[in-house]
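Step one of this worksheet: look at the structure below.
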Amino acid sequence: MLACALAWFAWPEDLNAGTSERSRAPEAGSSTEPFGLPASPLFAGALREKWRAVERKLDDERVQMALCDGDRERCASPAALRLLAIVDEARAREGRARLGEINRAINLAIRPMSDQAQYGQMDVWSPPLATFAHGAGDCEDYAIAKFFALHQAGVSPEDLRIVIVRDRMRGEDHAVAAARLEGHWLTLDNRGMAMVEDGNATHYRPLFVIDQHGLMRYGDAPQLADIPQRFGTEASLPNAAMQPALSSTN
């Protein structure tokens, strides 16, 4: 499956904004955020704007999905019909089986492909129907599609996240979906069919988390100078003012 590297060329405010009263700390006996760490909202910055652009597309795609769900014979979007078929299978299941159906089906429905190979540019975040229309994507495309499909299948938005992590074993950054079940967070990863509880994914260091309210930064995320410039290198960023970019390899 896809090995997806994220090279974060962030504006300084992306990493510094968001220290506020809304910082979220883990509750006793249950993780408020995946990996059981506090996270603070980011109120400004290029990374936040990138996610907001995806959010606007998700709103449009929810409308398209609802229209197709109401009249499938007249649905003009083959991508919506394919995604609805996955959602139907998940709706017929409950609990962990519902989450597992979404994870498995989306992993099989999307071919791993880098943004550079698919679009001729780096750091393209695609909404689910665009990803299904292409039939290919990289790690954040899988994660966004699962985040969307799980909600369509009946999982509460409060129990859904997209988490950007640092993979210590591979020396690269990566994106996964996460869903909370009975107080425990499970990671839905395009690299495998098994859903791993966050506490057991010890090779992942969480950096950022996305929920229905927006983008947050984990409290122990590395400072800008600690984030690698490119996949496979340990060099620090040469210029802190560069635009954010998400690069994928494979």
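The values are calculated or read from the model by the stated rules, or taken from the named source; none is laboratory data. All figures in this text were calculated on a predicted structure; none of them were measured in a lab. Glycine gets a Cβ as well: all are built from the backbone with ideal geometry, and neighbour counts include every protein chain shown.
Observations
- All positions within region 62-82 that are assigned to a loop (DSSP other than H, G, I, E, B) and either loosely packed, with under 15 Cβ neighbours inside 10 Å or in contact with a strand residue (DSSP E or B) (Cβ under 7 Å, 6 or more places away or on another chain) (or both): D71, A76
- Complete set of residues in region 124-140 that are assigned to a loop (DSSP other than H, G, I, E, B) and within 16 Å of V63 (Cα to Cα): P127
- Pairs meeting the criteria (first residue in region 186-204 and within 13 Å of R166 (Cα to Cα), second residue of a type in the set (V, I, T) and loosely packed, with under 13 Cβ neighbours inside 10 Å, beta carbons under 9 Å, at least 6 apart or on different chains) are lacking.
- Just one of the listed residues (A145, A97) is touching a helix residue (DSSP H, G or I) at 6+ places or on another chain (Cβ under 8 Å), outside any strand (DSSP E or B) and of a type in the set (A, V, I, L, M), namely A145.
- Check on G95, within 27 Å of E182 (Cβ to Cβ) and surrounded by fewer than 20 Cβ atoms within 10 Å (Cβ to Cβ): yes
- Selection status of D189, within 15 Å of G100 (Cβ to Cβ), buried (at least 18 other Cβ atoms within 10 Å of the Cβ) and not aliphatic (A, V, I, L, M): yes
- Filter result for the condition that a residue is at pLDDT below 95 and among the acidic types (D, E), over D88, D138: D138
- Residue match in region 8-23 (condition: surrounded by 12 or more Cβ atoms within 10 Å (Cβ to Cβ), at pLDDT 85 or above and not in a loop (DSSP other than H, G, I, E, B)): no
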